[in-house]
Amino acid sequence: MVKKIFLATPRGFCAGVDRAIEIVEKSLELYGKPVYVRHKIVHNEYVVKSLEDKGVVFVEELDEVPDESVVIFSAHGITPEIREDTEKMGLKAIDATCPLVTKVHLEAEKYDKEGYLIILIGHKGHQEVIGTMGYAKMNLIESQEDVNNLNIENPDKVVYLTQTTLSIDDTEEIVKALKKKFPSIVPKDDICYATQNRQNSVKELSKHCDYILVVGSKESSNSNRLVETARRLNIQSKLIPDKSYLDNHDLLANIETLGITSGASVPEILVEEVIQHIQEQFGQPPVETLEYLVENTNFSLPKELR
(Lines give C-alpha, C1' and ligand atoms only; values in the text may rest on other atoms or scores of the structure.)
Protein backbone atom coordinates (compact mmCIF):
# COMPACT_ATOMS: atom_id res chain seq x y z
CA MET A 1 0.00 0.00 0.00
CA VAL A 2 1.04 3.62 -0.48
CA LYS A 3 2.80 4.78 2.70
CA LYS A 4 4.07 8.16 1.50
CA ILE A 5 3.41 10.60 -1.33
CA PHE A 6 6.10 12.87 -2.77
CA LEU A 7 4.87 15.89 -4.71
CA ALA A 8 7.07 17.48 -7.40
CA THR A 9 7.70 21.21 -7.66
CA PRO A 10 7.50 22.85 -10.14
CA ARG A 11 4.48 21.20 -11.72
CA GLY A 12 1.29 22.29 -13.45
CA PHE A 13 0.61 25.55 -15.22
CA CYS A 14 3.54 27.32 -16.88
CA ALA A 15 3.60 31.03 -17.72
CA GLY A 16 2.48 30.40 -21.31
CA VAL A 17 -0.58 28.43 -20.20
CA ASP A 18 -1.44 30.98 -17.51
CA ARG A 19 -1.26 33.70 -20.15
CA ALA A 20 -3.39 31.79 -22.69
CA ILE A 21 -6.18 31.09 -20.19
CA GLU A 22 -6.13 34.68 -18.94
CA ILE A 23 -6.41 35.90 -22.54
CA VAL A 24 -9.56 33.83 -23.05
CA GLU A 25 -11.13 34.92 -19.77
CA LYS A 26 -10.34 38.62 -20.33
CA SER A 27 -11.70 38.38 -23.87
CA LEU A 28 -14.99 37.07 -22.47
CA GLU A 29 -15.13 40.02 -20.07
CA LEU A 30 -14.30 42.57 -22.75
CA TYR A 31 -16.25 41.26 -25.75
CA GLY A 32 -18.95 39.09 -24.17
CA LYS A 33 -19.82 35.54 -25.14
CA PRO A 34 -19.44 33.65 -27.30
CA VAL A 35 -15.71 33.93 -27.89
CA TYR A 36 -14.24 31.47 -30.41
CA VAL A 37 -10.90 29.68 -29.97
CA ARG A 38 -9.19 27.97 -32.87
CA HIS A 39 -8.04 24.59 -31.59
CA LYS A 40 -7.99 23.74 -27.87
CA ILE A 41 -6.43 26.66 -26.04
CA VAL A 42 -4.20 24.14 -24.21
CA HIS A 43 -4.19 20.35 -24.23
CA ASN A 44 -6.29 19.67 -21.15
CA GLU A 45 -9.93 18.57 -21.22
CA TYR A 46 -10.72 20.02 -17.78
CA VAL A 47 -9.53 23.47 -18.85
CA VAL A 48 -11.40 23.24 -22.16
CA LYS A 49 -14.67 22.17 -20.49
CA SER A 50 -14.37 24.91 -17.86
CA LEU A 51 -13.99 27.55 -20.57
CA GLU A 52 -16.85 26.09 -22.61
CA ASP A 53 -19.08 26.47 -19.54
CA LYS A 54 -18.16 30.18 -19.48
CA GLY A 55 -19.14 30.75 -23.11
CA VAL A 56 -16.13 29.74 -25.19
CA VAL A 57 -16.65 27.84 -28.44
CA PHE A 58 -13.71 25.77 -29.67
CA VAL A 59 -13.36 25.23 -33.43
CA GLU A 60 -10.78 23.64 -35.70
CA GLU A 61 -11.39 25.72 -38.83
CA LEU A 62 -12.06 29.43 -39.33
CA ASP A 63 -15.15 28.79 -41.46
CA GLU A 64 -16.84 27.62 -38.25
CA VAL A 65 -16.54 31.16 -36.83
CA PRO A 66 -19.45 33.57 -37.57
CA ASP A 67 -18.74 36.90 -39.24
CA GLU A 68 -17.39 39.73 -37.06
CA SER A 69 -16.71 37.38 -34.16
CA VAL A 70 -13.72 37.29 -31.82
CA VAL A 71 -11.35 34.40 -32.50
CA ILE A 72 -8.38 33.49 -30.31
CA PHE A 73 -5.38 31.52 -31.53
CA SER A 74 -4.31 28.73 -29.16
CA ALA A 75 -1.05 28.65 -27.19
CA HIS A 76 0.46 26.22 -29.70
CA GLY A 77 0.71 28.83 -32.46
CA ILE A 78 -0.60 29.10 -36.02
CA THR A 79 0.70 29.43 -39.56
CA PRO A 80 0.92 32.85 -41.26
CA GLU A 81 -1.80 31.66 -43.66
CA ILE A 82 -4.28 31.28 -40.80
CA ARG A 83 -3.47 34.80 -39.65
CA GLU A 84 -3.99 36.16 -43.18
CA ASP A 85 -7.27 34.27 -43.59
CA THR A 86 -8.52 35.73 -40.32
CA GLU A 87 -7.86 39.26 -41.59
CA LYS A 88 -9.56 38.56 -44.93
CA MET A 89 -12.65 37.26 -43.12
CA GLY A 90 -12.86 40.40 -40.98
CA LEU A 91 -12.61 38.51 -37.70
CA LYS A 92 -11.28 40.11 -34.52
CA ALA A 93 -8.14 38.05 -33.81
CA ILE A 94 -6.35 37.76 -30.48
CA ASP A 95 -3.12 35.79 -30.35
CA ALA A 96 -2.55 33.51 -27.34
CA THR A 97 0.51 31.84 -28.87
CA CYS A 98 3.09 31.19 -26.17
CA PRO A 99 5.88 33.77 -26.50
CA LEU A 100 8.45 30.96 -26.51
CA VAL A 101 6.75 29.44 -29.55
CA THR A 102 6.64 32.86 -31.21
CA LYS A 103 10.41 33.05 -30.64
CA VAL A 104 10.85 29.89 -32.73
CA HIS A 105 8.67 31.38 -35.50
CA LEU A 106 10.84 34.50 -35.59
CA GLU A 107 14.00 32.37 -35.71
CA ALA A 108 12.58 30.41 -38.64
CA GLU A 109 11.85 33.59 -40.59
CA LYS A 110 15.29 35.06 -39.79
CA TYR A 111 17.31 32.02 -40.87
CA ASP A 112 15.16 31.50 -43.95
CA LYS A 113 15.88 35.07 -45.10
CA GLU A 114 19.59 34.48 -44.50
CA GLY A 115 19.55 31.45 -46.79
CA TYR A 116 19.96 28.70 -44.19
CA LEU A 117 18.46 25.27 -44.58
CA ILE A 118 16.30 24.80 -41.51
CA ILE A 119 15.88 21.51 -39.66
CA LEU A 120 13.05 21.24 -37.13
CA ILE A 121 13.23 18.56 -34.44
CA GLY A 122 9.66 17.74 -33.47
CA HIS A 123 6.65 15.44 -33.67
CA LYS A 124 4.78 15.32 -36.96
CA GLY A 125 1.16 16.43 -36.61
CA HIS A 126 1.59 18.31 -33.34
CA GLN A 127 -0.14 21.70 -33.48
CA GLU A 128 3.03 23.57 -32.56
CA VAL A 129 5.00 21.85 -35.33
CA ILE A 130 2.27 22.53 -37.90
CA GLY A 131 2.35 26.21 -37.00
CA THR A 132 6.14 26.52 -37.01
CA MET A 133 6.50 24.83 -40.40
CA GLY A 134 4.32 27.53 -41.92
CA TYR A 135 6.98 30.21 -41.37
CA ALA A 136 9.67 28.82 -43.65
CA LYS A 137 10.65 25.83 -45.72
CA MET A 138 12.17 23.29 -43.35
CA ASN A 139 12.90 19.60 -42.86
CA LEU A 140 11.10 17.90 -39.97
CA ILE A 141 13.07 15.15 -38.23
CA GLU A 142 11.92 12.86 -35.45
CA SER A 143 14.79 10.36 -35.19
CA GLN A 144 18.46 9.66 -35.91
CA GLU A 145 17.32 7.72 -38.97
CA ASP A 146 15.75 10.91 -40.32
CA VAL A 147 19.11 12.63 -39.86
CA ASN A 148 20.87 9.89 -41.82
CA ASN A 149 18.37 10.32 -44.67
CA LEU A 150 18.94 14.07 -45.01
CA ASN A 151 20.52 15.16 -48.28
CA ILE A 152 21.58 18.80 -48.18
CA GLU A 153 23.26 20.78 -50.98
CA ASN A 154 25.07 23.26 -48.71
CA PRO A 155 25.99 21.47 -45.44
CA ASP A 156 27.87 24.57 -44.24
CA LYS A 157 24.71 26.64 -43.90
CA VAL A 158 22.32 24.62 -41.73
CA VAL A 159 20.44 25.48 -38.52
CA TYR A 160 18.26 23.35 -36.30
CA LEU A 161 15.24 24.46 -34.27
CA THR A 162 13.25 22.38 -31.79
CA GLN A 163 9.64 21.95 -30.74
CA THR A 164 9.46 23.68 -27.36
CA THR A 165 7.76 20.82 -25.50
CA LEU A 166 10.39 18.16 -26.21
CA SER A 167 12.95 17.10 -23.63
CA ILE A 168 16.69 17.57 -23.79
CA ASP A 169 16.99 13.82 -23.21
CA ASP A 170 14.69 13.24 -26.20
CA THR A 171 16.72 15.40 -28.55
CA GLU A 172 20.23 14.61 -27.28
CA GLU A 173 21.02 11.75 -29.68
CA ILE A 174 19.40 13.54 -32.63
CA VAL A 175 21.46 16.66 -31.93
CA LYS A 176 24.65 14.59 -31.70
CA ALA A 177 23.86 13.01 -35.06
CA LEU A 178 23.18 16.42 -36.61
CA LYS A 179 26.45 17.88 -35.31
CA LYS A 180 28.36 14.87 -36.58
CA LYS A 181 26.82 15.10 -40.05
CA PHE A 182 26.90 18.92 -40.23
CA PRO A 183 29.86 20.19 -38.14
CA SER A 184 28.99 23.82 -38.98
CA ILE A 185 25.33 23.55 -37.95
CA VAL A 186 23.94 26.46 -35.95
CA PRO A 187 22.25 25.20 -32.74
CA LYS A 188 19.16 26.91 -31.33
CA ASP A 189 17.98 25.58 -27.97
CA ASP A 190 14.24 26.22 -28.08
CA ILE A 191 13.10 23.76 -25.39
CA CYS A 192 10.81 25.60 -22.99
CA TYR A 193 12.17 26.46 -19.54
CA ALA A 194 9.02 25.03 -17.93
CA THR A 195 9.26 21.78 -19.88
CA GLN A 196 12.85 21.30 -18.74
CA ASN A 197 12.12 22.32 -15.14
CA ARG A 198 9.31 19.79 -14.87
CA GLN A 199 11.51 17.05 -16.29
CA ASN A 200 14.29 17.91 -13.85
CA SER A 201 11.80 17.81 -10.97
CA VAL A 202 10.80 14.30 -12.09
CA LYS A 203 14.47 13.30 -11.99
CA GLU A 204 14.59 14.55 -8.39
CA LEU A 205 11.32 12.77 -7.62
CA SER A 206 12.69 9.49 -8.96
CA LYS A 207 15.32 9.42 -6.20
CA HIS A 208 12.57 9.00 -3.60
CA CYS A 209 9.81 6.99 -5.30
CA ASP A 210 8.87 3.51 -6.49
CA TYR A 211 6.30 4.85 -8.95
CA ILE A 212 5.41 8.23 -10.47
CA LEU A 213 1.96 9.37 -11.54
CA VAL A 214 1.85 12.18 -14.08
CA VAL A 215 -1.44 14.05 -14.20
CA GLY A 216 -2.05 15.27 -17.75
CA SER A 217 -3.82 14.74 -21.04
CA LYS A 218 -2.68 12.08 -23.50
CA GLU A 219 -2.61 14.89 -26.12
CA SER A 220 -0.12 16.88 -24.06
CA SER A 221 3.42 16.54 -25.42
CA ASN A 222 5.10 17.85 -22.28
CA SER A 223 3.07 15.50 -20.03
CA ASN A 224 4.09 12.48 -22.10
CA ARG A 225 7.72 13.58 -21.86
CA LEU A 226 7.46 13.51 -18.04
CA VAL A 227 6.42 9.85 -18.14
CA GLU A 228 9.29 9.08 -20.49
CA THR A 229 11.74 10.90 -18.20
CA ALA A 230 10.73 8.70 -15.26
CA ARG A 231 10.92 5.50 -17.30
CA ARG A 232 14.40 6.35 -18.53
CA LEU A 233 15.41 6.29 -14.87
CA ASN A 234 13.83 2.84 -14.47
CA ILE A 235 10.92 4.20 -12.44
CA GLN A 236 7.46 2.92 -13.31
CA SER A 237 5.25 5.78 -14.44
CA LYS A 238 1.77 6.34 -15.83
CA LEU A 239 -0.09 9.28 -17.36
CA ILE A 240 -3.58 9.82 -15.94
CA PRO A 241 -5.99 12.67 -16.81
CA ASP A 242 -7.74 12.75 -13.43
CA LYS A 243 -8.65 10.82 -10.26
CA SER A 244 -11.17 8.57 -12.02
CA TYR A 245 -8.30 6.52 -13.44
CA LEU A 246 -7.34 5.48 -9.90
CA ASP A 247 -10.51 3.42 -9.40
CA ASN A 248 -8.43 0.44 -10.53
CA HIS A 249 -6.86 -0.42 -7.17
CA ASP A 250 -4.31 -2.71 -8.84
CA LEU A 251 -2.62 0.33 -10.40
CA LEU A 252 -0.83 1.17 -7.15
CA ALA A 253 -0.59 -2.31 -5.72
CA ASN A 254 2.72 -2.96 -3.93
CA ILE A 255 3.74 0.71 -4.19
CA GLU A 256 5.07 2.20 -0.94
CA THR A 257 6.48 5.55 -2.07
CA LEU A 258 4.50 7.36 -4.75
CA GLY A 259 5.58 10.43 -6.69
CA ILE A 260 3.07 12.82 -8.27
CA THR A 261 3.60 15.60 -10.79
CA SER A 262 1.60 17.25 -13.56
CA GLY A 263 2.05 18.64 -17.04
CA ALA A 264 2.27 22.33 -17.88
CA SER A 265 -1.40 22.60 -18.90
CA VAL A 266 -2.86 20.89 -15.81
CA PRO A 267 -4.80 22.89 -13.17
CA GLU A 268 -3.76 22.22 -9.58
CA ILE A 269 -7.27 21.09 -8.60
CA LEU A 270 -6.76 17.87 -10.58
CA VAL A 271 -3.59 17.09 -8.65
CA GLU A 272 -5.35 17.83 -5.35
CA GLU A 273 -8.19 15.47 -6.25
CA VAL A 274 -5.73 12.70 -7.15
CA ILE A 275 -3.95 13.08 -3.80
CA GLN A 276 -7.23 13.11 -1.87
CA HIS A 277 -8.42 9.99 -3.70
CA ILE A 278 -5.17 8.12 -2.90
CA GLN A 279 -5.25 9.20 0.74
CA GLU A 280 -8.81 7.93 1.09
CA GLN A 281 -7.77 4.57 -0.38
CA PHE A 282 -4.61 4.08 1.66
CA GLY A 283 -5.26 5.49 5.12
CA GLN A 284 -4.09 9.09 4.70
CA PRO A 285 -0.40 8.64 3.78
CA PRO A 286 1.55 11.88 4.40
CA VAL A 287 2.52 14.19 1.54
CA GLU A 288 5.99 15.70 1.24
CA THR A 289 6.73 18.40 -1.34
CA LEU A 290 10.09 18.16 -3.11
CA GLU A 291 10.95 21.66 -4.28
CA TYR A 292 13.35 21.55 -7.22
CA LEU A 293 13.05 25.29 -7.82
CA VAL A 294 10.55 28.16 -7.76
CA GLU A 295 9.46 29.60 -11.10
CA ASN A 296 8.78 33.32 -11.38
CA THR A 297 8.41 33.78 -15.15
CA ASN A 298 5.50 35.91 -16.38
CA PHE A 299 4.42 36.88 -19.88
CA SER A 300 2.50 40.07 -20.65
CA LEU A 301 -0.94 40.01 -22.28
CA PRO A 302 -1.57 41.23 -25.85
CA LYS A 303 -1.87 45.01 -25.95
CA GLU A 304 -5.61 44.94 -26.72
CA LEU A 305 -6.27 43.21 -23.38
CA ARG A 306 -3.91 45.14 -21.10
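Screening the range 198-211 for residues that are surrounded by 20 or more Cβ atoms within 10 Å (Cβ to Cβ) and in contact (Cβ under 8 Å) with a residue 60 or more places away in the chain and picking the one that is nearest to Gly12 (Cα to Cα) gives Arg198. Considering only the range 1-58, how many residues are in a helix (DSSP H, G or I), among the polar types (S, T, N, Q) and either surrounded by 20 or more Cβ atoms within 10 Å (Cβ to Cβ) or on the phi > 0 side of the Ramachandran plot (or both)? Number satisfying all stated conditions: 1.
Across the range 84-120, the number of residues qualifying as without any contact (Cβ under 8 Å) to a residue 40 or more places away in the chain, within 24 Å of Cys192 (Cα to Cα) and out of contact with any His (no Cβ under 9 Å at 6 or more places or on another chain) comes to 6.
Is it the case that Ser244 is among the polar types (S, T, N, Q) and surrounded by 16 or more Cβ atoms within 10 Å (Cβ to Cβ)? Give the derivation first.
Details: among the polar types (S, T, N, Q): yes; surrounded by 16 or more Cβ atoms within 10 Å (Cβ to Cβ): no.
Judged against the criteria, Ser244 is not a match.
Consider Arg231 carefully, then state whether it is modelled with pLDDT of 95 or more and more than 17 Å from Ala194 (Cβ to Cβ). Before you say what the answer is, go through the steps one by one.
Values: modelled with pLDDT of 95 or more: yes; more than 17 Å from Ala194 (Cβ to Cβ): yes.
Judged against the criteria, Arg231 is a match.
Out of Ser237, Ser221, Ser300, report the one residue that is among the hydroxyl-bearing types (Ser, Thr, Tyr) and within 18 Å of the chain's Cα centre (by Cα). Outline the logic, then answer.
Numbers: Ser237 fails: within 18 Å of the chain's Cα centre (by Cα); Ser300 fails: within 18 Å of the chain's Cα centre (by Cα).
That would be Ser221, the only listed residue that is among the hydroxyl-bearing types (Ser, Thr, Tyr) and within 18 Å of the chain's Cα centre (by Cα).
For His105, the criteria (1) assigned by TED's automatic domain parsing to the domain that holds Leu205; (2) part of a helix (DSSP H, G or I) hold in every case but one, which is (1).
Quick one: which of Asn224, Asn197 is assigned by TED's automatic domain parsing to the domain that holds Ala264, within 18 Å of Leu290 (Cβ to Cβ) and not in a loop (DSSP other than H, G, I, E, B)?
Details: Asn224 fails: within 18 Å of Leu290 (Cβ to Cβ).
That would be Asn197, the only listed residue that is assigned by TED's automatic domain parsing to the domain that holds Ala264, within 18 Å of Leu290 (Cβ to Cβ) and not in a loop (DSSP other than H, G, I, E, B).
The values are calculated or read from the model by the stated rules, or taken from the named source; none is laboratory data. Since we're looking at a predicted model, the values are computed, not measured. Note that we place each Cβ from the backbone using ideal geometry, even for glycine, and neighbour counts take in every protein chain shown.
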